[in-house]
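Note sheet for the following structure.
The values are calculated or read from the model by the stated rules, or taken from the named source; none is laboratory data. Since the structure is predicted, the reported quantities are computational estimates derived from the model, not experimental observations. When we count neighbours, we look across all protein chains shown, and the Cβ atoms used for this are built from the backbone with ideal geometry, even at glycine. Heavy atoms of the whole protein, side chains included, go into the accessibility calculation; ligands, DNA and RNA do not. Shrake-Rupley method; radii C 1.70, N 1.55, O 1.52, S 1.80 Å.
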Amino acid sequence: MASRATSTNAAPLEPSTDELRGWGEAVLDLMVRYHEGLRDRRLAPSTTSREIRAVFGRALPEEGVGLAATLVEFEERLMPLARHNGHPRMFGYVQSPGVAVASFADLLASMLNANLTVWRSAPGPVEIERIAVEWVRDMIGAHAGADGIFVSGGSMANFSALAAARRMKAPIDVGREGAQALPRAMRLYVSTETHHSVAKAATLLAIGSDHVREVPVDDAFRMRVDTLEAMIEDDLRAGHQPFCVVGTAGTVGTGAIDPLDVLAEIAQRHGLWFHIDASYGGFAALAPAVRTKMAAFAKADSIALDPHKWMYLPVDCGCVLFRDPAAARATFAHQAEYMRVMDSAPAESFAFWDHGPELSRRFRALKVWMLLRAVGLAPLRAAVEKDLACAAALAEKVEASQDFERLAPVELSIVCFRHVPAQARRALDTASGAGREGVERRLDAWNERLLVALQRDGSSYMSNASVGGRFALRACIMNHRTTLADMDILLADLRRIAGALGEFQGWSE
Ligand SMILES: Cc1ncc(COP(=O)(O)O)c(C=O)c1O
């Protein structure tokens, strides 16, 4: 085998010291070029699946071409076909930019290849994960006794939390007897703005999407607490078992923060589990002005967080915290002889597999720990405050303009607005009833066209939201590289592209 490998340019499975150094230098040079050119890159490619397949072919390689040739292919062919989520004007979805220190942490995590299943598998890395989870807990102000684990992302954190909520609140041992043995349907309460991963988790856990009760929101897109109480009481009267209230600290659509203190109080009064989905907004608690709105983190039974969002870390890294770690154990602990822990000292017998759904687990904690150890909290806090300031500035510019209109309050770093051309503005001012609805529908269509064109253009990138039934351009500012000047460039890009699309005809009936 060895002679076959050396007869080609193929990279060896095990490089020599010199080869390893050469590979490292080549990759590092590539990374430096990427970082240097990031701001000037076209943000997203305009391409098709067929074109990409044509570039890469599909033959299974029997012999490799070597690392140098593969890196050229990566840089020249693959990189331009990615969307550059670290670009300072990537405002779509809830996308982390990635920080350089974490690129190295991910490299080192793969090098060490620690598998964080149980203490004995990786003593140092396990303790680092436990310390990093405590740091995350303290960063956001969760309950001092809370503990948890890193998971793949916010969806998995929500899933893990709901599994524990159901396990702890079920009147039977649902883990053993199964959901079909429940005497009454268990119901949970979310808002119409809650991320879909919560309903998906309920489906996967056989709670059933019919039992996910969507509470309406107020004008600021926060859960209406009066309606929540009424729905809980209705369900009790109808013979169901309410078991969990899910509040959101930063909704995915508009960034609204539910009235978490009131939700905590209602959950406690009715004996329900209180979960907070803080996947998007949780780390905004680093900013003192936001922290007070998230004081209820200390009262939550569980919290879903995403260090791969507003801690700027590259995917993947989510985190689930439990106020009572015994709840996670009761949910996830399983007995199997090949997994038996023989050490009786509590710390050294710690097993992540008893606290979450996964067995083999990557050393995700390394990038959390390295970021905080190497960079520290102060620059993170400053970057979060800068993102909040950018969002506030964008909202002000939108409000001060003649051709844009803000569609939702800006509580964190999401700004929802739309473009309203002068003709449409005149039509809106004069139309009423069905005529006005017609103009609104055309504005929806116009803004959708504008968004698609913006994404194709490649200078700035936004995604969309439905705000009170209207199509909104949605900017989520969550990138330490983004500056106030980027807010002006975004609006200029939208105006330039709107001009190029040409005036939408026939704004009034
Ligand atoms: C509020 C909220 N919850 C959950 C999620 C899901 O997170 P992930 O994509 O890490 O699974 C998101 C993603 O944007 C989110 O914004």
Look at VAL151 and say whether it is open to solvent by less than 40 Å² (accessible area, probe 1.4 Å), more than 21 Å from ALA327 (Cα to Cα), hydrophobic (A, V, I, L, M, F, W, C) and at pLDDT 95 or above. no
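When the stretch 218-236 is examined, which residues are found to be open to solvent by 30 Å² or more (accessible area, probe 1.4 Å), touching a helix residue (DSSP H, G or I) at 6+ places or on another chain (Cβ under 8 Å) and more than 17 Å from ALA249 (Cα to Cα)? Steps first, answer last, please.
Just the residues of the stretch 218-236 that are open to solvent by 30 Å² or more (accessible area, probe 1.4 Å), to begin with: 218-219, 222, 224-227, 229-230, 233-234, 236.
Those left that are additionally touching a helix residue (DSSP H, G or I) at 6+ places or on another chain (Cβ under 8 Å): 225, 229.
GLU229, the sole residue that qualifies.
Let me confirm something: among MET111, MET139, which residue is surrounded by 15 or more Cβ atoms within 10 Å (Cβ to Cβ) and either without any contact (Cβ under 8 Å) to a residue 24 or more places away in the chain or assigned to a helix (DSSP H, G or I) (or both)?
After applying the criteria, what remains is MET139.
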When residues of the stretch 250-294 are limited to those that are within 14 Å of the ligand (Cβ to nearest atom) and under 19 Å from ASP226 (Cα atoms), the one farthest from the chain's Cα centre (by Cα): LEU260
In the stretch 264-287, residues that are open to solvent by less than 10 Å² (accessible area, probe 1.4 Å) and of a type in the set (Lys, Arg) total 0
Unique residue being surrounded by fewer than 24 Cβ atoms within 10 Å (Cβ to Cβ), on the phi > 0 side of the Ramachandran plot and touching a residue at least 40 places away in the same chain (Cβ under 8 Å) when the list is GLY255, GLY239, GLY250: GLY239
Mind telling me which of the residues LEU490, LEU450 ends up being in contact with a strand residue (DSSP E or B) (Cβ under 9 Å, 6 or more places away or on another chain), at pLDDT 95 or above and closer than 16 Å to PRO421 by Cβ? LEU450
Can you tell me which residue within the stretch 134-163, out of those that are out of contact with any helix residue (DSSP H, G or I) (no Cβ under 6 Å at 6 or more places or on another chain) and of a type in the set (S, T, N, Q), is nearest to the ligand (Cβ to nearest atom)? SER152
Does the stretch 426-446 contain any residue that is open to solvent by 10 Å² or more (accessible area, probe 1.4 Å), outside any helix (DSSP H, G or I) and modelled with pLDDT of 95 or more? no
Here the residues within the stretch 37-53 that are touching a Leu at 6+ places or on another chain (Cβ under 7 Å) and outside any helix (DSSP H, G or I) are PRO45, THR47
Using the structure shown, decide if ALA345 is open to solvent by 30 Å² or more (accessible area, probe 1.4 Å), out of contact with any helix residue (DSSP H, G or I) (no Cβ under 8 Å at 6 or more places or on another chain), in a loop (DSSP other than H, G, I, E, B) and hydrophobic (A, V, I, L, M, F, W, C). yes
In the stretch 302-319, is there at least one residue being over 28 Å from ALA389 (Cα atoms), more than 15 Å from the ligand (Cβ to nearest atom), buried (at least 16 other Cβ atoms within 10 Å of the Cβ) and modelled with pLDDT of 95 or more? no
Scan the stretch 97-105 and give yes if some residue there is assigned to a loop (DSSP other than H, G, I, E, B), within 16 Å of the ligand (Cβ to nearest atom) and surrounded by 16 or more Cβ atoms within 10 Å (Cβ to Cβ), otherwise no. yes
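Hey, any hits in the stretch 84-93 for a residue that's away from the ligand (no atom under 16 Å from the Cβ), open to solvent by less than 60 Å² (accessible area, probe 1.4 Å) and free of Cβ contacts under 8 Å to residues at least 60 places away in the same chain? Give the derivation first.
Step one: list which residues in the stretch 84-93 are away from the ligand (no atom under 16 Å from the Cβ), which gives 84, 86-89.
From the residues that got through so far, the ones that are open to solvent by less than 60 Å² (accessible area, probe 1.4 Å) too are 84, 86-89.
Restricting the remaining residues to those that are free of Cβ contacts under 8 Å to residues at least 60 places away in the same chain gives 84.
Yes, there is a match, as at least one residue in the stretch 84-93 is away from the ligand (no atom under 16 Å from the Cβ), open to solvent by less than 60 Å² (accessible area, probe 1.4 Å) and free of Cβ contacts under 8 Å to residues at least 60 places away in the same chain.
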Test set (1) open to solvent by 60 Å² or more (accessible area, probe 1.4 Å); (2) among the acidic types (Asp, Glu); (3) more than 20 Å from PHE221 (Cα to Cα) - ASP493 fails condition number: (1)
Does VAL415 meet the test of being of a type outside the set (Lys, Arg) and either in contact with a Phe, Trp or Tyr (Cβ under 9 Å, 6 or more places away or on another chain) or not in a helix (DSSP H, G or I) (or both)? yes
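Being open to solvent by less than 40 Å² (accessible area, probe 1.4 Å) and away from the ligand (no atom under 14 Å from the Cβ) is the filter here, so list the residues in the stretch 200-210 that pass it. Show your work before the answer.
To start, the set of residues in the stretch 200-210 that are open to solvent by less than 40 Å² (accessible area, probe 1.4 Å) comprises 201-202, 205, 207-208.
Of everything in the stretch 200-210, those that are open to solvent by less than 40 Å² (accessible area, probe 1.4 Å) and away from the ligand (no atom under 14 Å from the Cβ) turn out to be LEU205, ILE207, GLY208.
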Of the residues in the stretch 164-199, those that are closer than 26 Å to THR117 by Cβ and either within 15 Å of the ligand (Cβ to nearest atom) or open to solvent by 10 Å² or more (accessible area, probe 1.4 Å) (or both) come to ARG166, ARG167, MET168, ASP173, VAL174, GLY175, ARG176, SER197
Test for ALA161: is it assigned to a helix (DSSP H, G or I) and open to solvent by less than 40 Å² (accessible area, probe 1.4 Å): yes
For the stretch 122-130, does any single residue satisfy the condition of being in contact (Cβ under 8 Å) with a residue 60 or more places away in the chain, open to solvent by 40 Å² or more (accessible area, probe 1.4 Å) and part of a loop (DSSP other than H, G, I, E, B)? no
